[in-house]
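Shown next, in structure tokens, is the structure this report addresses.
Readers should treat all values here as calculations from the given coordinates under stated rules, not as data from a laboratory. Please read these numbers as outputs of a predicted model, since none were measured by experiment. Quick reminder, even Gly has a Cβ in these numbers, built from the backbone with ideal geometry, and neighbours come from all protein chains shown.
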Amino acid sequence: MTEGLRARLRLDRGAFRLDVDLDLPQRGISALFGHSGSGKTTILRAIAGLERAPGGYVALGGEVWQDDARGVFVPVHKRALGYVFQEASLFPHLSVRANLEFGRKRVPAHERRFALEPVTELLGIGALLERRPDGLSGGERQRVAIARALLASPRLLLMDEPLAALDLRRKLEILPYLERMHAELAIPIVYVSHAPDEVARLADHLVLLDDGKAVASGPLTETLARVDLPPSFADDAGVVLDTRLAGHEEDALSRLEFAGGALFVGRRREAIGTHLRCRIHARDVSLALSQPQGSSIVNRLPAVVTAVAATETPGHVLVQLRIGPSPLLARITARSRRELGIEPGLRLWAQIKGVALLN
Amino acid sequence: MTLDDADLAAVRLTLELATVVTLLLLAVGTPIAWWLARTRSRLRHAVGAVVALPLVLPPTVIGFYLLLVLGPNGPVGKLTEALGIGLLPFSFGGLVLASVCYSLPFVVQPLQNAFEAIGPRPLEVAATLRASPWDTFWSVVVPLARPGFLSGAVLGFAHTVGEFGVVLMIGGNIPDRTRVVSVQIYDHVEALEFAQAHWLAGGMLAFSFIVLLALYTVYPQAMKGRR
């Protein structure tokens, strides 16, 4: 029996057809990523029971929420879940405090997992408690909505593009709170998004959805490094590396270490030892057969080719590499590939032109 | 010269009738309005049309059919007699029943509009926060639909106070039992007692105006059922 979330869902909606069988880990953030219309939100709603997927099966850690084969369908209000909608959807007739208490007071005292204070502190809304929802900014509202969902003591938190309705500034305001939640909460989160940066920054596990089907599902780093994804995902190809800030150089660069190597980036203000996630786009990686001399590019790392695949863009290929255990993707022209004779097993040098830090 | 005892009795009876009818209207109208606002059943158009019939039918038509249904040979009349209640026409109970039918759209439509304006999202949010449907109705729907309840109650009350045709058909003109203000005014006019008619008619006019003014002032959008 799986300890995480299991969801087997099938739905026919005219031209759209959803057919997924998900097995998501018990800890961390699982991102459902895909373009609009790929079925992300429908999956989330069906997991919550807001949408009925006939013949479906949904279970969390052995607790069955839906098993139509056995006639089981637990109504939404009896499922220990939290749901954060795209719009905060606070109750306009209640104060922030009463909104937060709404779910909390409906959970029996012995089942409550979070107290009001730590949650309001975690999301930085302690000063808003007596306010009315219509007096809050979009970012504040969404933080209250997240706190409200947490205070209902969920065993699973479902988030449906919680940042999509916000402008960039509000997004950047909320992301650190989500990262704190990620670090401090022991409940699994399923996070729907169509924004690659959000996913790269937050997710541990990634499910790629395309036209109602899960085309890939696995740990974020491994899944992003796959070269066999459908073309719609290949444009944004790139990997995410979990690094540790190891030290500052004299020339205003900082050293980030990851399993298998190190990267240099512009001076960071974080303390030594801080974990930083960075994203390296495949188009920012070039390859050389010998250690490059006379190159202005700082990050040059020895790597081994593990796979080569064609891309949607004519004349280009995607090369999957390993630097120690860590994956890397490079997008180069088919001509270069031919001239350099790039095949799996070849040892070469990867030059990284850009490293995007996600924190 | 002011109101005599018969006038005061008519006023008292009218207020009593309108109060009972308004409470019943809210009790009956709320589930109907909720069903109409939420259902996708094909029957909803037919049910909505039936509820709205009193808006377009002359009160005599409604009174006539109620008389047949409630009378000694009608299905409801047979039932009430079998239950020992007796016959409803020409009684206060009959008047209440007729008024509820006649004023139903004035309560159902504002409520339905208010329920529709809430939309499905707050209900979904409440469900994910562990509120059962019944709990959600009282803790979310009722507060959010308050303007709808208020305008429904006010319109139902005012419309009951203001009815005449149905009352005459079903209730007749029995002092202290079915003779309401509108009927009393009719009697005064028939008897050429214009001064007394004025007191009651003017009072009705002022009452109706004040009620509607208050409603439009407090909830300008409530009359359209939107928030």
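Work through the residues other than A:ALA88 whose Cβ is under 10 Å from its Cβ and net out their charges, Lys, Arg +1 and Asp, Glu -1. Walk me through the numbers before you get to the answer.
Details: positive: A:ARG141, A:ARG143, A:ARG148; negative: A:GLU87, A:GLU140.
That sum, taken over residues with Cβ under 10 Å, equals +1.
How shielded is A:275-282 by partner chains, expressed as the average number of their Cβ atoms within 10 Å of its Cβ atoms?
0
Run the reach check for A:LYS171 against lysines, Cα to Cα strictly under 30 Å, same-chain hits fewer than 8 apart removed. What comes back?
Output for A:LYS171: A:LYS40, A:LYS105, A:LYS213, A:LYS353.
Counting partner chain Cβ atoms within 10 Å of every residue's Cβ in A:101-107, what's the average?
If you average over the peptide's residues, the count of other-chain Cβ atoms is 4.
Once you've got the GNM for chain B with C-alpha springs shorter than 10 Å, pick whichever of B:ALA158, B:ALA127, B:ALA201 has the biggest mean-square fluctuation.
Of B:ALA158, B:ALA127, B:ALA201, the Gaussian network model singles out B:ALA127 as fluctuating most.
Please report, in debye to the nearest 20, how large the charge dipole of segment A:213-320 is about its Cα centre when each Lys and Arg carries +1 at its beta carbon and each Asp and Glu carries -1 there.
My answer is approximately 160 debye.
Could you identify which residue out of A:ALA246, A:ALA216, A:ALA31 has the top mean-square fluctuation in a GNM of chain A using Cα springs shorter than 10 Å?
A:ALA246
Give, as a single signed number, the net charge of other residues whose beta carbon lies under 12 Å from the beta carbon of B:TRP34, with Lys and Arg counted +1 and Asp and Glu -1.
My count for the surroundings of B:TRP34 gives +1.
Where in chain A is the longest stretch that carries no trypsin sites (Lys or Arg not before Pro) classed as loop by DSSP and with at most 11 other Cβ atoms within 10 Å?
A:1-266
In whole Hz, with x marking every Gly and Pro, tabulate ³J(HN,Hα) for segment B:180-187 from phi via Karplus 6.51 cos²θ - 1.76 cosθ + 1.60, θ = phi - 60°.
8, 4, 4, 5, 4, 4, 4, 4
Of B:ASP7, A:ASP228, how do they rank once you tally other Cβ atoms within 10 Å and put the fewest first?
Working: B:ASP7 20, A:ASP228 11.
Lowest count first: A:ASP228, B:ASP7.
Over all residues in A:147-155, what is the mean tally of Cβ atoms on other chains that come within 10 Å of each residue's Cβ? Present the calculation step by step, with values, prior to reporting the outcome.
Numbers: counts 0, 3, 3, 0, 1, 4, 1, 3, 0.
Other-chain Cβ atoms within 10 Å of each residue's Cβ, averaged: 2.
For the protein assembly as shown, what log10 I(q)/I(0) values come out of the Debye formula at q = 0.06, 0.07, 0.12 1/Å, with one point per alpha carbon and no solvent?
-0.50, -0.62, -1.16
Net charge within 12 Å of A:LEU253 by Cβ-Cβ distance, Lys/Arg positive one each and Asp/Glu negative one each, not counting A:LEU253 itself?
Here the count lands on 0.
Rounded to whole Å, give me the distance from the Cα center of segment A:129-161 to that of segment B:24-103.
Result: 45 Å between the Cα centres.
Using the count of nearby Cβ atoms within 10 Å as a rough guide to exposure, how do A:GLU3, A:GLU250, A:GLU179 rank from fewest to most?
A:GLU250, A:GLU3, A:GLU179
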